[in-house]
Amino acid sequence: MSSPDHPHTDPALDPDDVPVNPSTEPSLDDLIARRCSRRALLRGALGALAAGPLAGLTAGAAEPQQPSAAVDNPTRFNFPEIARGVDATHHVAPGYSAEVLIRWGDPLLSGAPPFDPQRPSAAAQRRQFGYNNDFIGYIPLPLGSHNSEHGLLCVNHEYTNTELMFPGLAGAADPAAALTRAMVDTELAAHGGSMVEIRKTGGRWRPVPGSPFNRRIEALTTPIRLSGPAAGHPRLRTGADPSGRRVIGTLNNCAGGITPWGTYLMAEENFHLYFAGNLDGHPEERNYARCGMPAPRYAWARHHRRFDLNAEPNEANRFGWIVEVDPFAPQAMPVKRTALGRFKHEGAECIVNGDGRLVIYSGDDQRFEYLYKFVTDGTVTPLPDPTSSMDAQAYAGRIDASGRVHFHEQDLRQRVAAARAANRDLLDHGTLYVARLDADGGLQWLPLVHGQGPLTAANGFDAQADVLIETRRAATLLGATPMDRPEDVEPNPVTGKVYVSLTNNKHRGQDGYADTDAANPRAGNLWGQVLELTPTNGDHAADSARWDLLVRAGDPADPAVGAQWNPATSEHGWFACPDNCAVDPAGRLWVATDQGGGWPVTSGGADGVYALETQGPGRGTARAFFRVPVGAEMCGPRFTPDGRTLFVAVQHPAADGTGGYPGFERQSTFDDPATRWPDFTDGIPPRPAVVAITRDDGGEIGG
Ligand code: FEO
Ligand code: CA
Ligand code: CA
Ligand code: CA
């Protein structure tokens, strides 16, 4: 995320901008030695902003100029690039179509009223598609199949942009303080996630109205069970929940994952933004300070006691987890799986290891925080696959006109049920590891296990629950490597490699902060880098791996940036601030960017989706495929199993950096937004939305 609830014109407002890892502070000698050179570098970058918007930006909804010069293309991607730029709408490579599939406020559940932004209501919002779509998962229907024309979309709603969501806040000195209880409750109901049954007919994707799969998870009323080693621990107990096992809602669901058994993992990221209070003498003072609290960006504590750190001292320990949702058991509560640790989880992308265990990779998205993985103790029981010859027999003739499978076949039904039951609590038992990246390209996975090394009572860890509740502090004691904001971590099932988006870290190597290292090599790093991990012997569960820098992002034409790309990368193809990413069925990497309000400096253009070659002579070449309207960030990229559809999430259109948008140059509000994408209708505010991208000739995305 970038900067919820506040002006998006200054990247310094990003909640991830405030490092809270005390172990990364430099010595006095370091400070003196570094003071001059690094300051000069940062001044150079920021000077570009002070001088005004970069040349070549386009305002308004005019078509961007297409790149004219044909560049040598040594990659496996065969699409014409789009031009760098920024305007009121989205753009996709020629030969492709990008259609809005579902928007904030679209009715989702039965009885949902139509979108009415002038009269926000929590009751309506609970039945409508939520705000700020981020992660997108696609589960083919029927479950276990590879159907690429009928599936279940699982979409996270990370946060809300108060000033764009509600009318009448323009001019308020503190928009958050002007919020009524009804508005706050609407915000709570707009968080969480949505499950939407979708179908492709006549080449176009549409939600299935009234589908029994359609479902909302939100922060106002959804009960969620806590499970795993920390469930029930006294530090998770509250006045409303003396059991410490049942919490209302999930917050700041950024990226996530889909398990092989068809459940939906929602990662809780910047949960600290919702809590207010005073930590002086607080029983969780050290723990909460390490999470960046208090730094409230929302007015929720004024209306909901549980978001007051002093009134309900343990509530904030009940957020920052991975939530597992079973879309095929709508009556079952979602579950916060505490074995995966508590930190600002960016995502939870999974891969089945060669030995059958599940490995889940996750970044902790804050400057100088760490890279994690979780390895289950047990092995995954695979679902029957209706496209395999044996299973197809059982499925044949069992799919009704609406595409739903009837498990009349006793054997198949039993096998589906048995597989799902066997996997149900797999995520409660396993080992969480944090990464140490060494200068020689080696990576060690350090286990976060109570009683091992420094993780003992002497350091305040009385049980595994304490290690999990204070994962960050435990990881510091183990000697984990502080990274440049780990965002998505994506295993590639085709090659066995793993890609790590490190989005930026302007404080790296600056006064008062930790120095550069091999994997985080740039001081004042405004642009980020992508790492490639190679697990030892192809074993994702191994305690070691090799790491390599795939690209250093930013403008390769500016030597002060220190970017590193394959020279085949065009002037439009390079990007800044890698965030969510996806691997297509051919094993090719696609990267989405989130520059926040800093886009006029970091690239001079809007965020987007870029193809990034990882193999052969084109390794390290990026190509521009899609870009978002002004002020938005690019989230969600997710392919169907046939690679012929790419779903993307356009988050917070009109929000970020509109002060640097030529011709607009002010902060957006509900009444005065920089764009009204995607409706472009007077009185209708900009709306976060999921977009389905297909190739006009029906072929695979990217050629
Ligand atoms: Fe929600 Fe780290 O982006
Ligand atoms: Ca983001
Ligand atoms: Ca992200
Ligand atoms: Ca991803």
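The values are calculated or read from the model by the stated rules, or taken from the named source; none is laboratory data. Predicted model only: the values in this text are computed from it and were never measured. Note that we place each Cβ from the backbone using ideal geometry, even for glycine, and neighbour counts take in every protein chain shown. Quick note on the areas: whole protein, heavy atoms, side chains included, nothing else; ligands and nucleic acids left out. Shrake-Rupley method; radii C 1.70, N 1.55, O 1.52, S 1.80 Å.
Residue pairs whose Cβ atoms lie under 8 Å apart, sitting 6 or more positions apart in sequence or on different chains, and linking a residue in region 579-592 that is farther than 21 Å from residue 345 by Cβ to a partner that is of a type outside the set (Phe, Trp, Tyr) and within 16 Å of ligand 3 (Cβ to nearest atom), are 589/490; 589/581; 589/582; 590/581; 590/582; 590/609; 590/637.
Of the residues that make up region 486-496, is at least one more than 15 Å from ligand 1 (Cβ to nearest atom), open to solvent by less than 30 Å² (accessible area, probe 1.4 Å) and aliphatic (A, V, I, L, M)? Reasoning before the result, please.
Taking region 486-496 and keeping what is more than 15 Å from ligand 1 (Cβ to nearest atom), we get 491-496.
Restricting the remaining residues to those that are open to solvent by less than 30 Å² (accessible area, probe 1.4 Å) gives 491-492, 496.
Filter again for aliphatic (A, V, I, L, M), leaving none.
Looking through region 486-496, none of the residues is more than 15 Å from ligand 1 (Cβ to nearest atom), open to solvent by less than 30 Å² (accessible area, probe 1.4 Å) and aliphatic (A, V, I, L, M).
Put simply, of 278, 252 the only residue that is surrounded by fewer than 17 Cβ atoms within 10 Å (Cβ to Cβ) and touching a residue at least 12 places away in the same chain (Cβ under 8 Å) is 278.
Those strands (runs of 3 or more DSSP E) of region 230-324 in which 3 or more residues are modelled with pLDDT of 95 or more and in contact with a Lys or Arg (Cβ under 9 Å, 6 or more places away or on another chain) occupy 246-248, 264-268. Looking across 212, 175, one residue alone is touching a residue at least 12 places away in the same chain (Cβ under 8 Å) and farther than 27 Å from residue 323 by Cα. It is 175.
Just checking, how many residues over region 200-229 are closer than 29 Å to residue 110 by Cβ, in a loop (DSSP other than H, G, I, E, B), open to solvent by 30 Å² or more (accessible area, probe 1.4 Å) and out of contact with any Pro (no Cβ under 9 Å at 6 or more places or on another chain)? Spell out the reasoning first.
So the first thing to find is which residues in region 200-229 are closer than 29 Å to residue 110 by Cβ, and the list is 200-225.
Right, trim to in a loop (DSSP other than H, G, I, E, B) and you get 202-203, 208-214, 218-222.
Next, from what is left, pick out any that are open to solvent by 30 Å² or more (accessible area, probe 1.4 Å): 202-203, 208-210, 212-213, 220-221.
Next, only the ones that are out of contact with any Pro (no Cβ under 9 Å at 6 or more places or on another chain) stay: 202-203, 208, 210, 220-221.
Count: 6.
Each row is one residue, and each column tells you yes or no for (1) over 19 Å from the mean Cα position of the chain (by Cα); (2) within 16 Å of ligand 4 (Cβ to nearest atom); (3) touching a residue at least 40 places away in the same chain (Cβ under 8 Å).
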{"position": "615", "(1), (2), (3)": "yes, no, yes"}
{"position": "618", "(1), (2), (3)": "yes, no, yes"}
{"position": "625", "(1), (2), (3)": "yes, yes, yes"}
{"position": "634", "(1), (2), (3)": "no, yes, yes"}
{"position": "644", "(1), (2), (3)": "yes, no, yes"}
{"position": "658", "(1), (2), (3)": "yes, no, yes"}
{"position": "665", "(1), (2), (3)": "yes, no, no"}
{"position": "671", "(1), (2), (3)": "yes, no, yes"}
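A single member of 567, 559, 578, 535 is of a type outside the set (A, V, I, L, M) and within 16 Å of ligand 1 (Cβ to nearest atom), and it is 578.
Scanning region 620-648 for residues that are out of contact with any Asp or Glu (no Cβ under 6 Å at 6 or more places or on another chain), over 27 Å from residue 552 (Cβ atoms) and open to solvent by less than 10 Å² (accessible area, probe 1.4 Å) turns up 629, 640, 645, 647.
Quick check on residue 466: is it at negative phi, in a loop (DSSP other than H, G, I, E, B), more than 16 Å from ligand 3 (Cβ to nearest atom) and charged (D, E, K, R)?
On the way: at negative phi: yes; in a loop (DSSP other than H, G, I, E, B): no; more than 16 Å from ligand 3 (Cβ to nearest atom): yes; charged (D, E, K, R): yes.
Considered against the rule, which asks whether it is at negative phi, in a loop (DSSP other than H, G, I, E, B), more than 16 Å from ligand 3 (Cβ to nearest atom) and charged (D, E, K, R), residue 466 comes out as no.
Take the residues of region 523-544 that are at positive phi and small (Gly, Ala, Ser): which is surrounded by the fewest Cβ atoms within 10 Å (Cβ to Cβ)?
538
Listed by first and then second residue, the pairs with beta-carbon distance under 7 Å, at least 6 apart or on different chains, first residue in region 425-453 and touching a residue at least 40 places away in the same chain (Cβ under 8 Å), second open to solvent by less than 10 Å² (accessible area, probe 1.4 Å) and basic (Lys, Arg), are 427/337; 428/337; 433/373; 445/373.
When residue 550 is tested against (1) over 24 Å from residue 21 (Cα atoms); (2) open to solvent by less than 30 Å² (accessible area, probe 1.4 Å); (3) part of a loop (DSSP other than H, G, I, E, B), only condition (3) is not met. Evaluated against (1) within 16 Å of ligand 2 (Cβ to nearest atom); (2) surrounded by fewer than 24 Cβ atoms within 10 Å (Cβ to Cβ), residue 500 falls short on exactly one condition, (2). Scanning region 297-307 for residues that are free of Cβ contacts under 8 Å to residues at least 40 places away in the same chain and surrounded by 20 or more Cβ atoms within 10 Å (Cβ to Cβ) returns 301, 307.
For every residue, the table says whether it meets (1) modelled with pLDDT of 95 or more; (2) open to solvent by 30 Å² or more (accessible area, probe 1.4 Å); (3) in a strand (DSSP E or B).
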position: 142; (1), (2), (3): no, no, no
position: 148; (1), (2), (3): yes, no, no
position: 153; (1), (2), (3): yes, no, yes
position: 159; (1), (2), (3): yes, no, no
position: 177; (1), (2), (3): no, yes, no
position: 185; (1), (2), (3): yes, no, no
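Screening residue 467 against (1) out of contact with any Ser or Thr (no Cβ under 9 Å at 6 or more places or on another chain); (2) open to solvent by 20 Å² or more (accessible area, probe 1.4 Å) leaves a single unmet condition, (2).
Are any of the residues in region 45-64 at pLDDT 95 or above and hydrophobic (A, V, I, L, M, F, W, C)? Step through it out loud before you land on a result.
First, the residues of region 45-64 that are at pLDDT 95 or above: none.
Within region 45-64, none of the residues are at pLDDT 95 or above and hydrophobic (A, V, I, L, M, F, W, C).
When 595, 651 are checked against the criterion of being open to solvent by 10 Å² or more (accessible area, probe 1.4 Å) and among the polar types (S, T, N, Q), a single residue qualifies: 595. If we scan region 162-172, do we find a residue that is closer than 16 Å to residue 103 by Cα, among the hydroxyl-bearing types (Ser, Thr, Tyr) and under 21 Å from the mean Cα position of the chain (by Cα)? The answer is no, given that none of the residues of region 162-172 is closer than 16 Å to residue 103 by Cα, among the hydroxyl-bearing types (Ser, Thr, Tyr) and under 21 Å from the mean Cα position of the chain (by Cα).
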